[in-house]
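Reading through the structure tokens given below for one structure.
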Amino acid sequence: MKTDTPEIKTVRALRVGEQARHALSDILARGDVHDPVLEKHLVTITEVRMSPDLRHATVFVKPLLGKDEEKVLKALRTNTAYLQREVATRVQTRYAAKLKFLADESFDEGTHIDTLLRDPHIARDLAED
């Protein structure tokens, strides 16, 4: 009898996502993907979000300095089959997760919020509290 509670499934998804992130980071850092675009760019895997059944993974990436983001995403998507095989080999799960690559916008959002908070009108309102 299986007693997987939602909390256990969530913890498992987080753990497997982190393992997949490390595996992808290692693959890209070593230059195992033979792609001219990926060889020229340093890519950070900021997060991997697994679906509850661990069959799908959304991979958030950010090229160094945000340069050529679309080219890097296209190269990653072109090499998805190879990356899925490599991740499946390194992260032992029942099924090989399908990888979906997206640009990580969280840095841009953080910069935007920081800029807003530094605006003199906003800073004035915050200082009054």
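A quick yes/no check of all residues on (1) in contact with a strand residue (DSSP E or B) (Cβ under 6 Å, 6 or more places away or on another chain); (2) closer than 18 Å to Q19 by Cα:
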residue: R55; (1), (2): no, yes
residue: V61; (1), (2): yes, yes
residue: K67; (1), (2): no, no
residue: K71; (1), (2): no, no
residue: R77; (1), (2): yes, no
residue: Q92; (1), (2): no, yes
residue: F101; (1), (2): yes, yes
residue: D104; (1), (2): yes, no
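Kindly provide the set of residues from the range 116-129 that are under 29 Å from L65 (Cβ atoms), modelled with pLDDT of 70 or more and in a helix (DSSP H, G or I), ordered by number.
Correct list: L117, R118, P120, I122, A123.
Are there any pairs, at least 6 apart or on different chains, whose C-beta atoms fall under 9 Å, with the first in the range 61-79 and closer than 16 Å to E47 by Cα and in contact (Cβ under 8 Å) with a residue 12 or more places away in the chain and the second small (G, A, S) and surrounded by fewer than 15 Cβ atoms within 10 Å (Cβ to Cβ), and if so, which?
That search, which allows pairs on different chains as well, returns K62/S106.
Could you please let me know if T5 is polar (S, T, N, Q), exposed (fewer than 13 other Cβ atoms within 10 Å of the Cβ) and on the phi < 0 side of the Ramachandran plot?
Yes.
Residues checked against (1) of a type in the set (A, V, I, L, M); (2) out of contact with any Phe, Trp or Tyr (no Cβ under 8 Å at 6 or more places or on another chain); (3) in contact (Cβ under 8 Å) with a residue 12 or more places away in the chain:
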| residue | (1), (2), (3) |
| --- | --- |
| A13 | yes, yes, yes |
| H34 | no, yes, no |
| V37 | yes, yes, yes |
| P52 | no, yes, yes |
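For every residue, the table says whether it meets (1) of a type in the set (D, E); (2) at pLDDT 90 or above; (3) in contact with a Gly (Cβ under 9 Å, 6 or more places away or on another chain).
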residue	(1), (2), (3)
I45	no, yes, no
V48	no, yes, yes
D53	yes, yes, no
H56	no, yes, no
D68	yes, no, no
K71	no, yes, no
A81	no, yes, no
E86	yes, yes, no
T89	no, yes, no
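Among the helices (runs of 4 or more DSSP H) lying completely within the range 1-106, list those that include at least 1 residues that are under 17 Å from the mean Cα position of the chain (by Cα) and hydroxyl-bearing (S, T, Y).
Here the list reads 6-30, 69-78, 80-90.
The values are calculated or read from the model by the stated rules, or taken from the named source; none is laboratory data. Fair warning: this is a prediction, and the values are worked out from it, not measured in the lab. Positions of Cβ are generated from backbone atoms using ideal geometry, with glycine treated the same way; all protein chains shown enter the neighbour counts.
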